[in-house]
Amino acid sequence: MLVEIGHFCVIIALCMALLQVCAYSSKLSNVNIMRPMSLGQSFFICLAFCILIIAFLRDDFTVAYVARNSNSTLPFYYKFTALWGAHEGSLLLWTLILSLWSLAIAICSRTWPLKFANHVLVVFSAVNIGFLSILLYLSNPFLRTFANIPLDGNDLNPLLQDFGMIIHPPILYMGYVGCTVPFAFAIAALLNGKVDQTWARIVQPWALAAWMFLTLGIALGSWWAYYELGWGGWWFWDPVENASFMPWLTATALVHCLAVAKRNGQLLRLAIFLCIVTFALSLLGTFLVRSGSIISVHAFAKDPKRGMYILLFLSIVIGSAFALYVLRAWRLQVPSEAELNKTSKLILFNNVVLLVAGCSVLLGTMYPLLHEWLYDATISVGYPYFNKVFAPLMCLLFVIMIYGLTESKRKLMLTLVVAALLALAVLYTAFAAIKLTAFIGLMLAIAIFIISFNTRNVAMSLAHIGLAVTIAGVSITPAYEIERDLRMQVGDQIQIANYAVAFKNISALDGPNYIGFKGDFAISKHNKPLATLYPEKRIYLIQETAMSETAILPGLLQDIYIALGQQIDQNTWSVRVYYKPFVRWIWLGAIIMALGAGCGVLRRKCVTDNKTYA
C-alpha cells in the first residue's frame, strides 16, 4: 500500500503542475496561486522519494525497480543509493531536485513583484510536467511485479557499489537541474518585455550556485572514474562526460556575462541567450544518457521510446524558448544601448571562445550519432580530435584573460616572462626534463595564478586560482605519468619513478555480496617504507561480474596507483602500476573554483527592487 501512495504522490504533483500552467494561461498570472502550488509539488515529490527509499531498505522485491537494482545482501548505504542507480530512480531524483530548486525560488521570491515571480515559477512547472510525464508513463519506479515475485534482487551494478555513487549523482544533478533557474529567469524577462541590471543581480547568485554544483559534480565524476574503473585515467572525452562539460562551458560564459550586465546593463540580451543555451545543453545531456543512443558506462537506459519522448520534449521546450527569444529579444527594454566598453568587449570575446569550444565538443559528441543515422555505419571521435581542437581555444581564452586584466603590453609581457621562467624552473626541478605541452600548460597556469591577485573580489580570485591549479594538473599529469603493465608473483619487486613496489602476499576475500582476492603491496622510497596498499579483485556473486578495486597512495605531488588484474596461473597475477604526478591538483582546483563560486553566492541576496518589474 505504501508504494501505491508514492505512485499517487507523483500523480498529484503532476496534476498540481498542470493546474499551475492552466492557471497561468487563464490570465491568472497576477493571482498568488503559483507559490502554494510549487510548495505542494515539492512536498509530494519528496514524499514519493522517501517512500521509494523505504521500499529499498525493506527489500520490497514486489517492486520491479527494487528487484532489478537491489539485493538483500547489499549494504544498507548502497540500498539507499541504489534508488538512483538506474534510469527510473535517477529520473525521480531529477524531479526531486527540480522541485527543490523551485521551492527555493518560491521562498526567495516573496519580495519580488508577484507577476514576475509567477512567470518564473510557471516555467519550472512546465519543465516538471515533461519529466513527471516520463516518470509516470515510461519510467515508473513504483510498478509492482506480483506475478513472479523474486526471492531476492538482481543486485546493484557492481560499478555503482562505491562511495562515489553516494555523492556524485546528487551533486551533479544539482548543477544540471540548477540550469533551469537562469532559464526560468530568461523566459520571465522575455515574457515581461524588459530587463536591466536588477535582473542580472537576481540571476547571478542562482547561476553561480548551479555552476558551483556542476563544477563539483564533474570533478567528482572524474575522481570516481580515476579510482574505480582501474584504467588510471581521469577524463576520456566520453559522450556522457561531454554532456556535463558542455553546459559547464556555457554556464561559465553566463556567469562572466552577468558580472558585466549587473554593473553597466550591457550584454543583457547575450545573458538571456546563454541562459537558454545552457538549459538546452543540460536537456541534451539528459537525452544522451537516457536514449540508448550512446554506449557508455555512465548511460542509464536503452529504451528507444524513452529516447524519442525525451527528444520530443527537448524539441518542444527548447524550440519554444528560442522562438520566444527570436521574437522578443530585440524588442526588450534594456537600460544601455551604448557602444560596449573595453571590459564588455573582452567578456564578449571570452564568451564567443567558450561558445565555440562548446560547439566543438558538441560536434565531436554528436557526429558519430549523425553518421550512424545517415550512413548506417559506426564511427568514433576520440580524444585526439578534442585535444587538438580544444587546447588552442583555451590558449586563446587565456590571452584574452591576460590582456583584459593588465594595463599595458609591457605588463602582459612581464607576466608571460615570469610565468615561463617559473614553469621552466618547476619542471626541471621536479622531473629533470622539459616537455612542451607541460611547459605551455604550466606557464598558463602560473600566469593565471599571478594575475588572479590583481582583483579585490575574493570570489573571482578563488575561482581563477582554482582554474590555474586545475590547468597545472591537467598539463603535468599526462606528460610525466608512468604506466607499468606487469606479470608479478609474490616476492617480486619493481621500480617506478623513485618508488619501489613489492608484491608481498595475496589472500582470499569474502565480502557481504562478493568474493575475491586481496593483494598486499609494500611501497617504499629510497629504502624507506611508506605504506602498504591492498588492491582487490572482486567477483560479485549475484551478477557474476569481476571488478578491480584499486589501491592508491595519494599525495599532493604524486599518486602511486595499483590495480590487480586477472590471475594468469597459480602464482602469477597481472598488475597495473601507475605513477601520477600532480593528479590531485585537477580536483583540488575544481574544489577551489567551487569555493570561489560559493563565496560569490553568499555575497549576494535574493532581493530586487519592486519598481523594476511592476
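Among the residues of segment 32-54, is any in a loop (DSSP other than H, G, I, E, B) and modelled with pLDDT under 90? Looking through segment 32-54, at least one residue is in a loop (DSSP other than H, G, I, E, B) and modelled with pLDDT under 90. Note on segment 155-203: among residues that are among the polar types (S, T, N, Q) and at pLDDT below 95, the one that is least open to solvent (accessible area, probe 1.4 Å) is Gln161. Return a yes/no flag: does segment 178-189 have any residue that is touching a Cys at 6+ places or on another chain (Cβ under 9 Å) and not in a helix (DSSP H, G or I). Yes. Being at pLDDT 95 or above and open to solvent by 20 Å² or more (accessible area, probe 1.4 Å) is a description that applies to Tyr579. Only one entry of Asn69, Asn32 meets the criterion of being within 26 Å of the chain's Cα centre (by Cα) and either more than 27 Å from Ala17 (Cβ to Cβ) or not hydrophobic (A, V, I, L, M, F, W, C) (or both), and that entry is Asn69.
On the given criteria, is Asn341 at negative phi and in contact with a His (Cβ under 8 Å, 6 or more places away or on another chain)? Considered against the rule, which asks whether it is at negative phi and in contact with a His (Cβ under 8 Å, 6 or more places away or on another chain), Asn341 comes out as no. Residues in segment 140-152 that are at pLDDT below 90 and open to solvent by less than 50 Å² (accessible area, probe 1.4 Å): 2 in all. Per the listing Ser296, Ser320, Ser315, Ser282, the residue uniquely among the polar types (S, T, N, Q), modelled with pLDDT of 85 or more and within 16 Å of the chain's Cα centre (by Cα) is Ser282. Val21 falls short of the stated requirement of being surrounded by 15 or more Cβ atoms within 10 Å (Cβ to Cβ) and within 19 Å of Tyr137 (Cα to Cα).
Ser133 meets the conditions (1) within 26 Å of the chain's Cα centre (by Cα); (2) part of a helix (DSSP H, G or I); (3) buried (at least 20 other Cβ atoms within 10 Å of the Cβ); (4) not charged (D, E, K, R) in every case but one. The failed one is (3). Of the strands (runs of 3 or more DSSP E) entirely within segment 454-565, those holding at least 2 residues that are surrounded by fewer than 16 Cβ atoms within 10 Å (Cβ to Cβ) occupy 482-489, 493-496, 499-510, 514-525, 528-533, 545-549. Comparison of Leu332, Leu396, Leu354 shows that the only residue that is within 26 Å of Cys257 (Cα to Cα), touching a residue at least 40 places away in the same chain (Cβ under 8 Å), open to solvent by 80 Å² or more (accessible area, probe 1.4 Å) and not hydroxyl-bearing (Ser, Thr, Tyr) is Leu396. Taking the criterion of being in contact with a Leu (Cβ under 7 Å, 6 or more places away or on another chain), open to solvent by 10 Å² or more (accessible area, probe 1.4 Å) and of a type in the set (A, V, I, L, M), would at least one residue in segment 239-249 satisfy it? Checked against the condition, which is being in contact with a Leu (Cβ under 7 Å, 6 or more places away or on another chain), open to solvent by 10 Å² or more (accessible area, probe 1.4 Å) and of a type in the set (A, V, I, L, M), segment 239-249 yields at least one hit.
Taking the conditions exactly as written (among the aromatic types (Phe, Trp, Tyr), farther than 18 Å from Phe116 by Cα and in contact (Cβ under 8 Å) with a residue 12 or more places away in the chain), does Trp223 satisfy them or not? The answer is yes for Trp223.
Quick check on segment 252-278: of everything there that is closer than 21 Å to Ile171 by Cβ and open to solvent by less than 10 Å² (accessible area, probe 1.4 Å), which residue is nearest to the chain's Cα centre (by Cα)? By that ranking, first place goes to Thr278. Is it true that Gly221 is out of contact with any Gly (no Cβ under 9 Å at 6 or more places or on another chain) and either of a type outside the set (A, V, I, L, M) or open to solvent by 20 Å² or more (accessible area, probe 1.4 Å) (or both)? It is false that Gly221 is out of contact with any Gly (no Cβ under 9 Å at 6 or more places or on another chain) and either of a type outside the set (A, V, I, L, M) or open to solvent by 20 Å² or more (accessible area, probe 1.4 Å) (or both).
Restricting segment 307-329 to residues that are over 30 Å from Leu136 (Cβ atoms) and touching a residue at least 60 places away in the same chain (Cβ under 8 Å) leaves a set whose member that is surrounded by the fewest Cβ atoms within 10 Å (Cβ to Cβ) is Arg328.
Condition check for Met16 on (1) open to solvent by 60 Å² or more (accessible area, probe 1.4 Å); (2) in a helix (DSSP H, G or I): one failure, at (1). Of all the residues in segment 172-228, those that are of a type in the set (A, V, I, L, M) and under 17 Å from the mean Cα position of the chain (by Cα) number 15.
Given the condition among the charged types (D, E, K, R) and surrounded by fewer than 16 Cβ atoms within 10 Å (Cβ to Cβ), answer yes or no: does some residue in segment 30-53 qualify? Scanning segment 30-53, I find no residue that is among the charged types (D, E, K, R) and surrounded by fewer than 16 Cβ atoms within 10 Å (Cβ to Cβ), so the answer is no.
Residues that are in contact with a Leu (Cβ under 9 Å, 6 or more places away or on another chain) and in contact (Cβ under 8 Å) with a residue 60 or more places away in the chain were ranked within segment 1-13; the one that is surrounded by the fewest Cβ atoms within 10 Å (Cβ to Cβ) is Ile11. Quick check on my filter: what residues within segment 429-453 are free of Cβ contacts under 8 Å to residues at least 60 places away in the same chain, over 27 Å from the mean Cα position of the chain (by Cα), open to solvent by 50 Å² or more (accessible area, probe 1.4 Å) and farther than 17 Å from Val417 by Cβ? Listed by number, the residues that qualify are Thr429, Ala432, Lys435, Leu436, Phe453.
The residues in segment 74-92 that are open to solvent by 10 Å² or more (accessible area, probe 1.4 Å) and assigned to a helix (DSSP H, G or I) can be counted, and the count is 7.
The values are calculated or read from the model by the stated rules, or taken from the named source; none is laboratory data. Remember, it's a predicted structure, so these values are computed and weren't measured experimentally. Cβ: placed from backbone, ideal geometry, glycine included. Neighbour counts: every protein chain shown. We work out accessible area using only protein heavy atoms, side chains counted, and drop any ligands, DNA or RNA first. Shrake-Rupley method; radii C 1.70, N 1.55, O 1.52, S 1.80 Å.
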